[in-house]
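Participant: Have a look at this one.
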Amino acid sequence: MSKQPATPTATAGPGEVPMHLFRKAVEQAALAISITDARANILYSNSAFQRITGYGQDEVVGHNESILSYRVTPKLVYETLWAQIQRQRPWNGLLVNKRKDGSRYLADVTITPVVGEEGDTTHYLGMHRDVTEVHRLERQVQNQKTLIESVVDAAQVAIVLLDEKERVVLDNQEYKKLIGDLGKEPALKLLAALREQMGEAFGKAHEKHRNIAAREVCIETTKKTSRWFSCAISWFEEHDVGADAFYEPLRRHYLLLTIQDISEIKRQQEALRINSLRALLSEQERIQGLRETLAGAVYQLEGPLNMLSAVANMMERRRDSGVDLPAASALEEAMQKSREALEKLRACIPNQSSEGMQPVDLNEVLVDVLKLTTASLLATGVVVEWSPSSGTTTINGHPAQLTNLFKQLVTNAIEAMNERRGGTRELRLTCTTRADHIEVLVEDSGPGIADDLRYEVFQPFFTTKGAAKQHLGLGLAMAQEVVNRHGGTIDIDPSHHTGCRVRVQLPLTTGGNHV
Ligand code: FAD
């Protein structure tokens, strides 16, 4: 075993390059280079070898390369290494090496057999570099990726990452659950819903990769039920890792969609809204009832008072012609008291609610009415057929009054159907947008209204129901008043003979509406 560096015996390299140049080049190379005999005993090592391992040439020549082994590299790796190089094939792999000072590093080693003229392996060329830092960074990235994936997976909101072609790159458990409910691919359905809701703004934000703050969208599930989601979009860009993009960076954009199921919150909000609406309407109904009752009472009392007034006038004329009528002054006094009582009664009539005019969507009003009357409809076994208008259904009006109007008509329909024993109970609610007005039909399969009562039913205190049912007969009168206030018309369709069809027409133009 020689401790001297081996000197290559050849006198010249290929072409014109002299042999000493090869030696110099190897000596000064940045990679740790060593040349061994066929049993891995070191014959030569360069200066980079010393820089990396800490061993100078005179310290390693004659020693086996195993001097560098930290002895944690599995035996199988060495066996593979040797099997490969003995077949005269180069081997490349990672070995845990130990420096002269005992510190460890990860070596990316390439061993190339040197084949002699006889065809046998005479030497090995070993080249290696310290890749500890590269490995540390790779592992760090891997750890971070694992951490991010587990955080994303544990999140209570659904998260999905899409590439520029809207293909799913990454998703979490919550998102996978959505696939079961919404079918494939939930992200695309939600993006389509956002696109439809936001119109042009979505396209612009998408094109410029601008984030979109949380927006609420409604999606139909595979079971045909509606679910509400709050969706937010954020973008991030990634630099292409391909060699082509090394000097000319290419950016790839990714869309991160976070999805939160807010169906339960929405359901609670809606229940709260309907309950408040119910309370508001019943208060309005109470005030309206009071107004109508007092106004009716005043109207009813005015009749006999007018008659008494005529009698008083007559007595006055007779007294003027000399006839002594002592009752005349008593009558005059009684009438004065009656007028004062009537005025007091008039002053008690509560004011109409001061709800302002505002845009009201009649489709939405009718849906609210169905929600408000659900309990009665279910209790009476009424089958509802609801046909909303596909056109514009927004008019300028008083939302609560309009809700009350249609609630009254639906309640009338339910009561009418309830009066008849047996037979089908069907309520058809239709909203249609015409050229200059919106038409709402409320049809029921009840006994209907006789032709001669078609106008009378709108009179205050008119009722087809017995007194035992304690009906004031103010419902349709109130409905008529609300329709008038909105510049519309209400009538009972005479051509409809299988039950009752109430037709309400409300003008579309704001100018046509009255306060
Ligand atoms: P060893 O007893 O040396 O060998 C372990 C196994 O390797 C054996 O079971 C056997 O299967 C195989 N083996 C070993 N020597 C031979 C042989 N001469 N012929 C056939 N099979 C054999 N090792 C490192 O740890 N770090 C290095 O940087 C490194 N660089 C090398 C560079 C070159 C050019 C060569 C040829 C080898 C290099 N080695 C390196 C491998 C080294 O020679 C040892 O095989 C290895 O370190 C394991 O040493 P050991 O004492 O644990 O086991």
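The values are calculated or read from the model by the stated rules, or taken from the named source; none is laboratory data. Just so it is clear, the structure is predicted and the values come from calculations on it, not from any experiment. Cβ atoms come from the backbone with ideal geometry, glycine included; neighbour counts cover every protein chain shown.
Participant: How many residues are among the β-branched types (Val, Ile, Thr), exposed (fewer than 14 other Cβ atoms within 10 Å of the Cβ) and either within 21 Å of GLU166 (Cβ to Cβ) or within 11 Å of the chain's Cα centre (by Cα) (or both) if we restrict to the stretch 210-241?
Facilitator: 1
Participant: Suppose we keep only residues that are touching a strand residue (DSSP E or B) at 6+ places or on another chain (Cβ under 6 Å) and part of a loop (DSSP other than H, G, I, E, B) within the stretch 39-48. Which one would you say is farthest from the ligand (Cβ to nearest atom)?
Facilitator: Looking at residues that are touching a strand residue (DSSP E or B) at 6+ places or on another chain (Cβ under 6 Å) and part of a loop (DSSP other than H, G, I, E, B), I get ASN46.
Participant: Could you grab me the full set of residues in the stretch 79-106 that are exposed (fewer than 13 other Cβ atoms within 10 Å of the Cβ) and touching a residue at least 40 places away in the same chain (Cβ under 8 Å)?
Facilitator: Correct list: ASP101 only.
Participant: Would you say VAL360 is surrounded by 14 or more Cβ atoms within 10 Å (Cβ to Cβ) and under 26 Å from the mean Cα position of the chain (by Cα)?
Facilitator: yes
Participant: With respect to GLU332, is the statement that it is modelled with pLDDT of 85 or more and of a type in the set (Asp, Glu) true?
Facilitator: no
Participant: Just give me the residues in the stretch 49-92 being small (Gly, Ala, Ser), near the ligand (Cβ under 10 Å from one of its atoms) and under 18 Å from MET127 (Cβ atoms), in sequence order.
Facilitator: SER66, SER69
Participant: So is LEU272 modelled with pLDDT of 85 or more and either in a loop (DSSP other than H, G, I, E, B) or surrounded by 13 or more Cβ atoms within 10 Å (Cβ to Cβ) (or both) or not?
Facilitator: No, not satisfied.
Participant: Under 8 Å between Cβ atoms, at least 6 apart or on separate chains: pull out the pairs that start in the stretch 58-78 with a residue that is without any contact (Cβ under 8 Å) to a residue 40 or more places away in the chain and end on any residue that is in a helix (DSSP H, G or I) and more than 10 Å from the ligand (Cβ to nearest atom).
Facilitator: Cβ pairs passing all conditions: ILE67/VAL60.
Participant: Can you tell me which of GLY475, GLY499 is at pLDDT below 95, touching a helix residue (DSSP H, G or I) at 6+ places or on another chain (Cβ under 7 Å), surrounded by 14 or more Cβ atoms within 10 Å (Cβ to Cβ) and not aromatic (Phe, Trp, Tyr)?
Facilitator: Sole residue among the options that is at pLDDT below 95, touching a helix residue (DSSP H, G or I) at 6+ places or on another chain (Cβ under 7 Å), surrounded by 14 or more Cβ atoms within 10 Å (Cβ to Cβ) and not aromatic (Phe, Trp, Tyr): GLY475.
Participant: For the stretch 159-176, indicate whether the set of residues that are closer than 18 Å to THR221 by Cα and not basic (Lys, Arg) is non-empty.
Facilitator: Checked against the condition, which is being closer than 18 Å to THR221 by Cα and not basic (Lys, Arg), the stretch 159-176 yields at least one hit.
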